[in-house]
Amino acid sequence: MAALSLPALHASHGGCWLRDAEATRTISRGEAVTAAADAPLLILNAPLVATRLGYPDLAGLDLLELFAFVHPARFVVPTPKGLAHALGLTEPKGDADVPLLLQQAAEALLGTCESAEWPEREGAWTALQSLVRMRWPWATLLTGRIAKPQRAERWLFSRLPEWEESPEQPQPRQITLDEADVLHRLEDLTGTGAEQRPGQRAYAAEAAHAFAPRERSGRPHLLLAQAGTGIGKTLGYLAPASLWSQQSGGTVWVSTYTKALQRQLRQESRRAWPERRVDGTQPVVVRKGRENYLCLLNLEDALQGGFAGRAAILAQLVARWASYSRDGDMIGGDLPGWLGTLFRQRGITSLTDRRGECVYAGCPHYRKCFIERAARASAGADLVIANHALVMVNAARGRDAAARPTRIVFDEGHHVFDAADSTFAAALTGAETIELRRWVIGPEKNARGRRRGLSARLADIVSYDEAGAKAITAACAAAEALPGDGWMQRLAEGAPWGPLEELLAAVRATVYARDESGGQEAGYGLETEASGLDGAFVEISEAAREALADLRQPLMRLGLRLEALLEDPPDWLDGQGRARLEGARHSLSWRIDLLAAWEALLARLGGPADPEYVDWLAVERSEAREFDIGIHRRWLDPMKPFAQVVLEPAHGVIMTSATLRDGEDWNKAVARSGADHIGIAPQLTAQDSPFDYAAQAEVLIVTDVPRGDIPALAAAYARLIEASRGGVLGLFTAIRRLRAVHGRIADRLARAGLPLYAQHVDPIDTGTLVDIFRDDPAASLLGTDALRDGVDVPGHSLRLVVMEQVPWPRPSILHRARRVAGGGSAYDDSIIRARLAQAFGRLIRSRGDHGYFVVLSSAFPSRLLSAFPAGTPVRRISLEEALHRVSGHASGETTPDHENTGHP
């Protein structure tokens with residue numbers, strides 16, 4: 001492969017290498033910075049290289065940007081090895097070989113642009129003209145390689161297909177699945193000659209009962225199904241789900257907590273359904289919240305000058321992606337997760353509908369909208385893959401029948417409680433109130449685009465309706481009482497403006513007055529109970545409540561006027577205008593509900609505590625910097641509203657996970673299902689993992705690493721990673737300790753050829769970090785809660801899990817209240833055992849996996865050992881003994897065995 005002659009730079013924790021036209025040499029970090037400042041260099045992942053060099057202003061010819069332009073919507077692991085595999089080049093053997101690879105990859109990508117077989121050619125020339133004007137570093141090199149097309153290329157917004165309206169779906173037929181048919185369908189899905197799994201067959205048969213006709217209104221069939229790792233629960237529930245959908249004509253919703261499982265489900269579902277039906281419609285649709293999808297109107301604003309500098313280049317690359325995207329999903333879809341970090345992550349989020357400002361049918365791209373297409377496709381789908389939050393939000397708002405699922409499978413069911421806790425929470429904070437102000441009034445500064453406030457969005461409609469116009473005027477006037485730009489600075493200076501800012505100032509003062517940390521918690525948020533508040537605070541909260549009521553009233557009047565216009569439409573209201581009014585009414589309704597929740601929260605501050613809720617005041621901080629202030633309310637048991645909103649209207653619900661119950665005890669799982677709140681007794685089933693944990697895994701509890709000793713902790717991690725030769729997933733309970741350990745050991749490991757990556761350190765999104773880890777058996781990854789479950793890395797790439805300590809619950813006000821209600825220390829223990837079980841579940845993902853699970857705890861309580869699968873050997877040993885066992889396994893001398901000093 002020919003190589004582009006431009007100089008190439010590679011930097012890792014192990015050093016820096018620079019290659020010119022002929023040779024590669026090792027250089028210092030200072031020399032690398034100088035070289036990068038003198039001339040544009042070929043680099044891979046500029047933010048990561050900048051972090052390695054300690055040079056944040058690094059710029060150059062980033063191969064990832066070129067890849068995103070040449071191959072939009074195509075997957076690549078953003079490492080030298082990943083790039084080589086994606087382009088069919090020879091994988092570099094070490095760091096010193098990377099600069100040559102970068103030169104070869106650049107020539108390969110540029111050569112693709114000259115090829116007649118380039119599948120993503122359409123739109124490239126037009127996009128390049130804009131990128132030339134923006135002085136994109138690659139533009140000059142591409143200009144001579146991309147020929148001007150003979151015909152003018154269609155603009156992105158004319159190339160995208162339009163969705164079509166479809167008739168309302170009839171109710172599903174009421175059927176009872178035959179067990180023999182379910183098992184036959186399971187055999188079809190697993191494939192001819194596949195291994196027979198008795199546990200999977202039993203699981204599928206049990207799951208089928210959840211699809212039976214409901215016997216009484218408000219009493220769904222509810223199955224709690226624990227399925228150990230390796231059972232094959234996904235196909236286990238897809239077998240009856242696909243059969244029921246086929247025979248009844250209804251839609252099954254499968255809900256997950258993580259995006260990783262959504263991607264897996266999309267793949268697995270292809271065994272049961274084709275990609276497209278004969279009529280071109282999709283039998284399987286992935287649904288996410290609006291904030292996950294590209295907003296075409298936001299993109300148009302960005303392309304027409306709404307973005308400047310590097311963000312404008314990002315917009316062009318996103319436009320290239322949008323032309324080839326499967327579904328417009330920007331967060332966890334086919335947009336590379338690393339693209340946002342190459343520029344600025346907020347650039348990605350600002351291209352989605354995060355503020356709820358959609359104008360629906362008033363948008364010129366409404367008929368091509370990715371969000372609307374997914375919503376309509378789901379109405380006629382056999383299977384909808386969603387997430388817990390979306391299922392709950394749709395059930396709560398109930399905007400349309402398609403959004404109200406009646407047959408639901410909650411995979412990762414152990415997270416339903418957490419999702420409900422967030423969904424049914426109330427938070428009156430500065431960040432929330434300023435967003436509401438901007439939605440009503442519009443931005444305070446002159447801003448491009450459509451974020452212009454309620455008046456502008458409905459101007460052409462309410463101009464025909466005097467009552468509606470007056471309601472908007474009153475709402476805008478009332479919204480002036482909400483916090484505006486600069487509110488945090490005014491609070492810090494002791495000069496709040498308006499009743500809501502005065503309330504936030506009082507919250508801040510109260511939290512700091514009650515703080516008992518003595519300044520020891522400088523990097524973390526502070527909180528205090530919303531009780532025992534003095535008269536002055538109550539008076540301020542009452543004034544804030546009245547201000548919120550003054551805003552809610554005109555919004556309610558506006559909502560009534562919109563309803564009247566829809567019920568008795570005037571002559572000037574066409575179909576597009578009607579759809580626009582429907583969208584506006586939907587947006588109004590949930591903001592009215594939000595204001596009502598805030599008012600209720602404030603109304604109770606001076607009175608007796610409500611035993612169903614937990615209220616507290618908080619100052620949110622990161623690295624000692626305040627970023628939000630507010631009052632929070634959570635249900636003591638969020639499964640109560642979940643049961644009323646989600647369970648009661650449903651006909652059949654399955655909650656499934658490998659870690660539903662606590663050991664052999666179902667009580668916690670039943671309590672966290674919501675069943676008690678609607679008076680039903682769930683069906684219970686458990687299928688144990690088929691893995692031989694006694695032979696495949698071993699738990700090592702290291703007893704001689706002192707708690708709180710960061711140097712000792714870092715040394716333990718380094719030595720364990722060296723002993724294992726990589727393949728380590730390190731789990732931390734605190735970001736501060738993670739960063740401290742990473743900073744002490746990354747260079748040392750890199751020099752040994754063992755790359756180390758870390759959440760909250762490397763400028764890479766979590767999903768991409770896992771992709772990198774999975775792709776390189778020598779790599780190790782440090783992370784926090786997000787990596788404790790939902791991460792699937794089977795095989796040799798993950799052979800050792802290390803937890804820095806027992807994952808104790810954070811002693812927050814909310815946790816304290818639930819601990820009292822849940823039985824004290826027994827409640828804590830159940831949470832810890834669940835976390836340990838989820839973390840252990842990362843280790844053994846297939847029959848061929850072997851590895852160790854290490855906890856660096858000098859006093860690991862024996863009562864927590866039941867978190868691990870029965871028969872798993874458990875040893876309490878020194879670090880030296882642990883290193884001996886891990887290194888022996890890495891070299892093939894030993895494997896985990898039956899000998900143990902204790903087991904669950």
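Coordinate-derived values only; no laboratory data. Note that the coordinates shown come from a computational prediction; the quantities given were computed from them, not determined experimentally. A quick note on method: Cβ atoms are made from the backbone with ideal geometry, for glycine too, and the neighbour counts reach across all protein chains shown.
In a solvent-free Debye calculation with one equal scatterer on each Cα, what is log10 I(q)/I(0) for the stretch 179-248 at q = 0.12 Å⁻¹, listed in the order of the q values? The computed values of log10 I(q)/I(0) come out as -0.31.
Averaging 1/r over every pair of different alpha carbons in the stretch 8-153 and inverting the result gives a Kirkwood radius of 15.9 Å. Across the chain, Cα pairs under 8 Å and at least six residues apart give a relative contact order of 14 percent.
Stretching the chain fully between residue 176 and residue 37 yields a gain of 43.0 nm (0.36 nm per residue, less the alpha carbon separation). Which percent, to the nearest 5, of DSSP beta bridges fully inside the stretch 8-153 are antiparallel? Rounded to the nearest five, the antiparallel share is 75 percent. Between residue 145 and residue 267, the distance separating the two model label sites (each 7 Å from Cα on the Cα→Cβ line) works out to 3.0 nm. Inter-label distance, residue 564 to residue 169: 3.7 nm, where each label sits 7 Å from its Cα along the C-beta direction. Between residue 671 and residue 132, the modelled label-to-label distance comes to 6.8 nm, taking each label 7 Å out from Cα in the direction of the beta carbon.
Nearest 5 percent is fine: what portion of the DSSP beta bridges confined to the chain is antiparallel? Write out the running numbers ahead of the final one.
Details: 32 of 85 bridges.
For the chain, the DSSP antiparallel bridge percentage is about 40.
The stretch 267-340 and the stretch 667-726 have Cα centres lying 36 Å from one another. Amide hydrogen proximity for residue 628: with H placed 1.01 Å from N in the peptide plane, the residues at 5 or more positions away or on another chain lying under 5 Å are 620.
For residue 727, the residues whose modelled amide H falls within less than 5 Å of its own, excluding neighbours fewer than 5 places apart on the same chain, are 779, 780.
Sort 719-726, 263-270 by the packing proxy (mean of other Cβ within 10 Å over each peptide's residues), most packed first.
Values: 719-726: 21.8, 263-270: 16.5.
Ranked by mean Cβ neighbours within 10 Å, highest first: 719-726, 263-270.
Taken along its three principal axes, the alpha carbon spread of the stretch 426-635 comes to 67, 40, 25 Å, from the longest extent down to the shortest.
Length gain on complete extension for the stretch residue 880 to residue 810, per 0.36 nm per residue less the alpha carbon to alpha carbon distance? Before the final figure, lay out the partial values.
Values: separation 70, 0.36 × 70 = 25.20 nm, distance 3.08 nm.
Residue separation times 0.36 nm, minus the Cα-Cα distance, leaves 22.1 nm.
Values of log10 I(q)/I(0) for the stretch 291-370 across q = 0.15, 0.20, 0.24 Å⁻¹ run -0.46, -0.84, -1.24, by the Debye formula with one identical scatterer at each alpha carbon and no solvent. Here the stretch 641-792 was treated as a single set of alpha-carbon atoms; its pair distances binned every 10 Å from 0 give 9, 28, 25, 21, 14, 3, 0 percent.
What the phi angles of the stretch 296-304 give under the Karplus curve with 6.51, -1.76 and 1.60, with θ = phi - 60°, is a coupling list of 5, 6, 4, 5, 4, 4, 5, 5, 9 Hz, glycine and proline written as x.
Highest mean first, what order results for 306-318, 770-782, 158-170 on Cβ atoms within 10 Å?
Final packing ranking: 770-782, 306-318, 158-170.
Under 15 Å from the Cβ of residue 749, count the other residues' Cβ atoms, weight Lys and Arg +1, Asp and Glu -1, and hand me the total.
Numbers: positive: 52, 719, 725, 744, 748, 751; negative: 95, 722, 747, 762, 776.
So the surrounding residues net to +1.
Summary of packing: across the peptides 41-49, 875-883, the per-residue average of other C-beta atoms within 10 Å ranks them, highest first, as 41-49, 875-883.
Only alpha carbons enter this Debye calculation for the stretch 693-890, each as an equal point scatterer, and the log10 of I(q)/I(0) it gives at q = 0.08, 0.16, 0.17, 0.19 Å⁻¹ is -0.24, -1.01, -1.14, -1.43. Around the amide H of residue 784, modelled in the peptide plane, lie the amide H atoms of 732, all under 5 Å away and 5 or more residues distant in sequence or on another chain.
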